[in-house]
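Enquirer: Okay, handing you the structure first.
The values are calculated or read from the model by the stated rules, or taken from the named source; none is laboratory data. It should be emphasised that the depicted structure is a prediction, and the values quoted were computed from it without experimental measurement. Every residue, glycine as well, gets a Cβ built from its backbone with ideal geometry; the counts of neighbours run over all protein chains shown.
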Amino acid sequence: MALFRFAADTTPRVQIKGDGVMLRAPVLEDHEEWASLRTRSRAFLEPWEPLWSEEDLTRRAFRQRVKRAAVEADADEAYAFLIFRMQDQALVGGVTLGLVRRGVAQACTMGYWLGEPYGGQGYMTRAVKAVARHAFDDLHLRRIEAACLPSNHRSRALLERVGFQREGFARQYLCIAGRWEDHLLYAQLASDPRR
């Protein structure tokens, strides 16, 4: 019954608009463009992400990803968004607000990726600003956490540029490219000045 409900679900999903970018939840029709961008950007992304295989790029795997994203959003557990360039609706990357914690925390963890052809053009800066505004104003979260490898200078610069503050260092925090890696920990609060 749950699968039927998902297949018949026509509830409009959230669209977030930023400066020249639009973010929305993934749908099955995004598969071809998503898989193509991930494939073309593989060498660019691999040093900063968990290991993934060719199987992860199949339509079947993407269908599961779309279903999981919808279930998690409906349960207020996580919110996955694809990032599109407004001028031509090209897919440029993705951002997720995951591990949503309510109650006394009102916090989440943010992760993001950008396709290689779109690096250095400000798309992720604008997307992170837009998704942070959504997290604070619409989801009523008070804290967004993010982590990055100390050697990922672009990611560090992005987080600092949009107002995240460095809060700590976590040893062997995530398994990246097959190795347990230390990470720098960042956070932004709803009460922080918006940039």
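Enquirer: Out of the helices (runs of 4 or more DSSP H) lying entirely within region 13-115, which hold 3 or more residues that are more than 28 Å from W180 (Cβ to Cβ) and at pLDDT 95 or above?
Expert: Once the helices (runs of 4 or more DSSP H) in region 13-115 are filtered for at least 3 residues that are more than 28 Å from W180 (Cβ to Cβ) and at pLDDT 95 or above, what remains is 31-40, 59-74.
Enquirer: Any residue in region 50-63 that's loosely packed, with under 14 Cβ neighbours inside 10 Å: show its pairings with residues that are among the β-branched types (V, I, T) at Cβ separation under 8 Å, as long as the two are six or more apart or on different chains.
Expert: Going by the 8 Å Cβ cut-off, the qualifying pairs are P50/I176.
Enquirer: Could you list, in sequence order, the residues of region 71-92 that are under 30 Å from A105 (Cα atoms), touching a residue at least 40 places away in the same chain (Cβ under 8 Å) and crowded, with 18+ Cβ neighbours inside 10 Å?
Expert: Within region 71-92, A73, Y79, A80, F81, L82, I83 meet the criteria.
Enquirer: Taking into account only those residues within region 132-155 that are touching a residue at least 24 places away in the same chain (Cβ under 8 Å) and part of a helix (DSSP H, G or I), which is nearest to V100 (Cα to Cα)?
Expert: Checked region 132-155; the qualifying residue nearest to V100 (Cα to Cα) is A135.
Enquirer: Go through region 137-164 residue by residue and tally those that are farther than 25 Å from Q121 by Cβ and not basic (K, R).
Expert: Number satisfying all stated conditions: 6.
Here is a yes/no grid of residues against (1) hydrophobic (A, V, I, L, M, F, W, C); (2) touching a strand residue (DSSP E or B) at 6+ places or on another chain (Cβ under 6 Å); (3) touching a residue at least 24 places away in the same chain (Cβ under 8 Å); (4) under 17 Å from P47 (Cβ atoms):
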| site | (1), (2), (3), (4) |
| --- | --- |
| A157 | yes, no, no, yes |
| R161 | no, no, yes, no |
| G168 | no, yes, no, no |
| R171 | no, yes, no, no |
| C175 | yes, no, yes, yes |
| R179 | no, no, no, yes |
| L185 | yes, yes, yes, no |
| A190 | yes, no, yes, no |
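Enquirer: Can you name every residue in region 171-195 that is assigned to a strand (DSSP E or B) and surrounded by 13 or more Cβ atoms within 10 Å (Cβ to Cβ)?
Expert: If the condition is that a residue be assigned to a strand (DSSP E or B) and surrounded by 13 or more Cβ atoms within 10 Å (Cβ to Cβ), then Y173, L174, I176, E181, D182, H183, L184, L185, Y186, A187, Q188, L189 are the ones that fit.
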